[in-house]
Every structure is written in C-alpha cells, then in structure tokens.
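Engineer: Before I ask anything, here is the structure I am working with.
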Amino acid sequence: MKIGVIAVQGDVREHLRALERLEVKAVPVRKPADLEGVSGLVFPGGESTAIWRLLKWSGLVEPIEELHRSGVPFFGTCAGMILLAREIVNWPERFFGFIDIAVERNASGRQVDSFETELEVKGVGRVPAVFIRAPYIRRVGPGVEVLAEHQGHPVMAREGRVLVASFHPELTEDLRVYDLFLTMCS
Amino acid sequence: MQKGTYRVKTGFAEMFKGGVIMDVTTPEQAEIAEAAGAVAVMALERVPADIRKQGGVARMADPKRIKEIMDAVSIPVMAKCRIGHIAEARILEALGVDFIDESEVLTPADPFNHIDKWQFKVPFVCGCRDLGEAARRIAEGAAMIRTKGEAGTGNVVEAVRHMRILNDQIRRLRDMSRAELVSYAKELGAPVEVLEMIQELGRLPVVNFAAGGIATPADAALMRMLGADGVFVGSGIFKSENPEKRARAIVLATTHYDDPELLAEVSEDLGEPMPGIAIEEIPQEQLMQYR
C-alpha cells in the first residue's frame, strides 16, 4: 500500500514520518504524476488558502477530484479538513467539498489560544490532540458521523471514504487516529 | 487543556513549511500577500529597505497599524519587536499577533540579552548567522529560526552565507564525539544540551526559514535548495514593480524549487525587481546582521 501526502506546503514531513513509523510507504505529492497508484491521500496542516492556490497553480485540483471519484480515501488534518469541507462559514471561497460539513476557519482563535488536550475518539479511545488556530465543524450533513468533540464542538468526522480532524495527530507520538485512516485505505 | 506549550509553538511553525512569509505595511498589501498564497504576513511600518535608507531608531510598529492588518487577512500575522525589548513583546502578545520576530532589522533595545521567550505564550522567531546563534536562541525559547541574511539589500549573498555556515556546522557536529561536542559548544558559545539535540536530529529542532535579501523566485528556490524550510521576503515584493505577480511567482518557486522548467516559467516578465545593494558598499556599522 502506498499513501500520498499533499506536499505543496505545510507539515508534510510530520505526516510522512507518521506513515513511515506505521511502516507504510508514503510519497510526497507535488505534481499530478505523483498521484499514480496511491491507495489513500493525506491533506496536511498548513495554511489552507496557500495550499489551495498552490494546488490550483500546480494543476492538481482536477487529478485530485478524479482520484476522489475513483474511490480513494482521503484524510485531512486542520487545513486539510478545511480543504475537504463542503462549506466554509467565514470565508468566501469553497475548496474541494468532498465531505458534507461546514467549518469555521481559525475557530479556536489566534495562536495565543492554540492548545493541546486529550480527546475521546469514537472507536479509537483517548488520544492526545494538538489544536493550532484550529477550525471547528459548525454543521454536519445527514451522512456524516462525528467521531470526536471538544467542549461541544465537533472536531473529527467521517463520511464514506473521507476522514477529517481539526487537530494534528501527526504532531504526537500516538498514531491510532492514523490507523483508522489506514483501515479505510486497505 | 494547555495553551502556549512548546509543542503548540513549534507545531505552529511546522505549518509554515514550504511557504513564504511576506513583509507588509498596509492592509491592502496584506490582502495582496494572502491572495498570492503567503502563509503569513509580517506587519511593519516600514520595510527593511526604507529602514536602511531613513536611518534613525527603528521600533515596533504602531499597534493600530498591526490591528488593521490583523483585521484585513485570515492568515497568521507576525510582528517585530526590538532585540531584548520585553515590553514591546508583551504589547504584541496582548494584541494577539500570532508570532513575534525578535529582529535585528529593528534597533536593538538591550545590549546584553535577548528576551527570555519561555515566559511568553506567543511563539518567537529569531535570526541567526551560524549554529552558535541558532542554539542560543533555541535555548532562550525560540520556536522558529531564520537565517539573517542582510535585510533590505535585495542581495541574497548573506542569506546564502549564513545558510552555508549553518549547514556546514551541523554537518561537522553530526560526527563529533561527546568530548568534541563539549569543546565545540565552548567554541560556538552554544549550550551543550541544545547541540546534543541537534546532533541527534541531524538538523535544528525547530523550523528554519531563510531571510534577508531574497528578491526573485530564483533566490527563493536557491534558499530551498540549500535546505531552508521556507522563506521570508521583506522588501523584495512591495519594492518591486509588480508585487502581485512577483509574490505569486515567489510562492510557486518556493514549493517547486526543484523544477527548473517551472522556475523558468514563473520568472518570466515580472517587471523590475527591487534595486539591490552590494554588501561591500554598506559601512560595517550599518550591517544589521551583527546586531
């Protein structure tokens, strides 16, 4: 199994390292040819507006949409969740929209309010979670399962083959959330 | 729930990787930077080229200016305080800026010490010319490092010098025995524990961007080829003829630094770059990197 990690901007190294630790072959994706043969695709943390522009200017938007139609599972953390969401409540652009949720960008506040905590993730257990200028989910569609909440805000969800999290499992040593994604890919 | 932990600070810096942080002096410039794909903006009253030209004492920007820029964009906003100026740093933290640059581009406030950055919830980035400076700043709590270069010159040579020196020193450190490391720490004026961490990782334990003199997409790509995680562009964008186009080109070049065909394409027809200054023409006491 080979997993692609979108590598135009963001904490790509941490995602590649997480996959390496789980003994999965991981490839950075910066051009359409890099998507060849991947069984899953990870959208890292970073700056969502920057990543989106770089994906557009690098000719990656259509190949990624094609990959989604072909049934390959996607996993987005933080900025990655924003890119995969159907609606952004406080931003005029719409990105991929592969999961029927509305998210609010920077909902946890500015950097001085960024935090780490522990979360109960459905089917996984308690995991450490790092939230950095994090988006929160403000609406979930009927087909979406909420997997974790923080202070009443949904922060992790799945719909079909798309998994999203407001936080960064790749910044911690606990990779059980990642395991959940790999199960979806195999 | 814990705020302001080292992991939250350094983790935030990891999110900038592969990106461009742009100096801006107005909300309009900040919007241009955001639209061009900047990962953050640095809110300033004057870009380094103007600070250099006008001389005098360069201080933290007016909080009103910083707030206007924070209101204008959704991406993170950084701001600079003077080296050692704890009060300016506290003001910036109270304003809610996302990152503080304790910067040699401003006139230093403390001739002896840098800020004890562990005392703050907001993360700091600091400049370095070599491994010793980088290690000292990390020991003081910096969550991100940038090589200094020589700001406001449009001349990349000092940025390259500092990155080459840093790389060379890390390479030498890697093969050192414990005894050699301790002696090297003395030579560099660097804490042993930080050097041990760098030796184990084979790189700095925090994100390292390049700064100071980057004016073209090729300059940005060069710094990435030398190992920078990303770039700061100060005067290089808004002192050029076509900031929108140049900003976007530098963003693309920073990501696709190893794709020469794309670099050629984005470097085309960008208009005049900012005027450059030869380092030899600058009097020694006006060089910012030695602050």
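Only the coordinates and a few stated rules stand behind these numbers; no lab work does. Treat the numbers as computed from the prediction; the structure is a model and nothing was measured. Note that each Cβ is placed from the backbone with ideal geometry, even for glycine, and that neighbours are counted across all protein chains shown.
Engineer: For the protein assembly as shown, give the magnitude of the charge dipole about the Cα centre (Cβ charges: +1 Lys/Arg, -1 Asp/Glu; no others), in debye to the nearest 20.
Structural biologist: 600
Engineer: Give me the log10 of I(q) over I(0) for chain B at q = 0.14 Å⁻¹, as the Debye formula computes it from C-alpha points; what are the numbers?
Structural biologist: For chain B at q = 0.14 Å⁻¹, log10 I(q)/I(0) is -0.99.
Engineer: A further question on this structure: Order the peptides A:157-165, B:17-25 from the highest to the lowest mean number of other Cβ atoms within 10 Å of their residues.
Structural biologist: Those peptides, ordered most packed to least, come out B:17-25, A:157-165.
Engineer: While we're here: State which stretch of chain B is the longest one without any exposed chymotrypsin sites (Phe, Trp or Tyr not before Pro), exposure meaning a DSSP loop state and at most 13 other Cβ atoms within 10 Å.
Structural biologist: With a cap of 13 other Cβ atoms within 10 Å, the longest stretch comes to B:113-289.
Engineer: With a bin width of 10 angstrom, please list the P(r) values of segment B:233-291 as percents of all Cα-Cα pairs, from the 0 bin to the one holding the largest distance.
Structural biologist: Result, from short to long distances: 21, 38, 27, 14, 0 percent.
Engineer: Which residue fluctuates the most in chain B, going by a Gaussian network model with Cα springs under 10 Å, if the choices are B:Met60, B:Met197, B:Met42?
Structural biologist: Largest GNM mean-square fluctuation: B:Met197.
Engineer: Can you give me the Cα centroid spacing of segment B:139-162 and segment B:190-231 in angstrom?
Structural biologist: So the two Cα centres are separated by 9 Å.
Engineer: Find, among the GluC sites (Glu not before Pro) in segment A:6-61, those assigned to loop by DSSP (not H, G, I, E, B) with at most 10 other beta-carbon atoms within 10 angstrom.
Structural biologist: A:Glu23
Engineer: A further question follows. How big is the Kirkwood radius of the protein assembly as shown, worked out from every pair of different alpha carbons and given in Å to one decimal?
Structural biologist: Radius from the Kirkwood sum: 22.6 Å.
Engineer: Take every residue in peptide A:38-50, count the Cβ atoms of other chains within 10 Å of its Cβ, and give the average of those counts.
Structural biologist: Averaged over the peptide's residues, the number is 4.
Engineer: Follow-up. Taking the mean number of other Cβ atoms within 10 Å as a proxy for protection, how do you rank A:2-13, B:100-111 from highest to lowest?
Structural biologist: Ranking the peptides A:2-13, B:100-111 by packing returns A:2-13, B:100-111.
Engineer: Sticking with this structure for a sec: Can you tell me the dipole magnitude for segment B:1-139 around its Cα centre, using point charges on the Cβ only (Lys, Arg +1; Asp, Glu -1), in Debye to the nearest 20?
Structural biologist: Its charge dipole is roughly 380 debye.
Engineer: Related question: With +1 on each Lys and Arg Cβ and -1 on each Asp and Glu Cβ, how big is the dipole of segment A:2-185 about its Cα centre, in debye rounded to the nearest 20?
Structural biologist: It comes to approximately 340 debye.
Engineer: Using the structure shown, list the pairs from A:Lys2/B:Lys148; A:Lys31/B:Lys53; A:Lys31/B:Lys80; A:Lys25/A:Lys56 with a Cα-Cα distance above 32 Å, or answer none.
Structural biologist: The answer is A:Lys2/B:Lys148; A:Lys31/B:Lys53; A:Lys31/B:Lys80.
Engineer: Continuing with the same structure: Using only C-alpha positions, report the orientation-averaged shadow area of the convex hull of segment B:109-214, nm², one decimal.
Structural biologist: Over every viewing direction, the Cα hull of segment B:109-214 projects on average to 7.1 nm².
Engineer: Whole angstrom only: what separates the Cα centroid of segment A:129-186 from the Cα centroid of segment A:57-73?
Structural biologist: 21
Engineer: Need one value for B:253-260: mean number of C-beta atoms belonging to other chains within 10 Å of its residues' C-beta atoms.
Structural biologist: Counting Cβ atoms of other protein chains within 10 Å of each residue's Cβ and averaging gives 3.
Engineer: Can you list the lysines whose alpha carbon sits under 16 Å from that of B:Lys9, skipping same-chain ones fewer than 8 residues off?
Structural biologist: Within the straight-line cut-off, B:Lys9 pairs with B:Lys17, B:Lys117, B:Lys121.
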